[in-house]
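S.K.: Quick one: the structure is below, and I'll ask about it shortly.
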Amino acid sequence: MFPYTNVFPGILAGVPPPISATPSRPRNAAATRERIAAAARSLFAERGFEATTVHAIARSAQVSPNLITRYFGGKDGLFLAASDVRFDLAAAFDGPRSSFGERVAHDLVARWAESGMNDPLPILLRSAGGQPTAASALADFVTQNVTGPMITQLLAYGMSREDAGERAAAVHALVVGAVFIRRILHLTVLDTMDDAELERSLGRSIQALVDR
């Protein structure tokens, strides 16, 4: 008779196969993607696009550089994911003209305080000058989230389209300048203001541009 008991002694004896003492932890692709994106936001905001390497992001996120290619297609794709700006200002625009500046400044400063170093807007501003991807993403953000909805609201106040466009452009320039100075250059009195002081200052300036 063929010696089955010698070939499969454990199975025939009813002994279960050994279980590894250290089972591998299942991968969570969504969590890994977010960890990579969070590391990239911080480094892009600190160093800009050109000075940030894939290997530096991988080290910060504690992953293999290959995962950046797998999940994002490379550095450009990761940049777009990390700098995805989702910020609806339309709700702040809606309301009386007399408190327009106050509403917009409150929403802006609250968002900056909440986002901290993870705010994608400084990433785009720091990188837009030398990176077409960043410049295009910034232009799309401004059109969709700032100037377009703002012009719509200013038209509702009875302004002409030309006047509304000029004032929206002026407010946009003011806000971008404030972000650049406070979040990137860290210069002038803007950098020393607390959030309440910044909100009041921005609110007055925005309102002056709307009412001029």
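Each reported figure results from applying straightforward, stated rules to the coordinates on display, with no laboratory input. The model shown is predicted, which means the values in this text are computed figures rather than measured ones. For neighbour counting, all protein chains shown are included, and Cβ atoms are generated from backbone atoms with ideal geometry for every residue, glycine included.
S.K.: Condition check: surrounded by fewer than 20 Cβ atoms within 10 Å (Cβ to Cβ) and within 13 Å of VAL109 (Cα to Cα). Does VAL189 satisfy that?
M.R.: Considered against the rule, which asks whether it is surrounded by fewer than 20 Cβ atoms within 10 Å (Cβ to Cβ) and within 13 Å of VAL109 (Cα to Cα), VAL189 comes out as no.
S.K.: Return only the number of the condition from (1) in a helix (DSSP H, G or I); (2) surrounded by 14 or more Cβ atoms within 10 Å (Cβ to Cβ) that ALA30 does not satisfy.
M.R.: Of the numbered conditions (1) in a helix (DSSP H, G or I); (2) surrounded by 14 or more Cβ atoms within 10 Å (Cβ to Cβ), the odd one out for ALA30 is (2).
S.K.: For residues in segment 192-212 being under 12 Å from VAL109 (Cα atoms) and among the charged types (D, E, K, R), which is surrounded by the fewest Cβ atoms within 10 Å (Cβ to Cβ)?
M.R.: Of everything passing the filter in segment 192-212, ASP194 is surrounded by the fewest Cβ atoms within 10 Å (Cβ to Cβ).
S.K.: Restricting attention to segment 88-109, which residues are surrounded by fewer than 17 Cβ atoms within 10 Å (Cβ to Cβ) and touching a Ser or Thr at 6+ places or on another chain (Cβ under 9 Å)?
M.R.: ALA90
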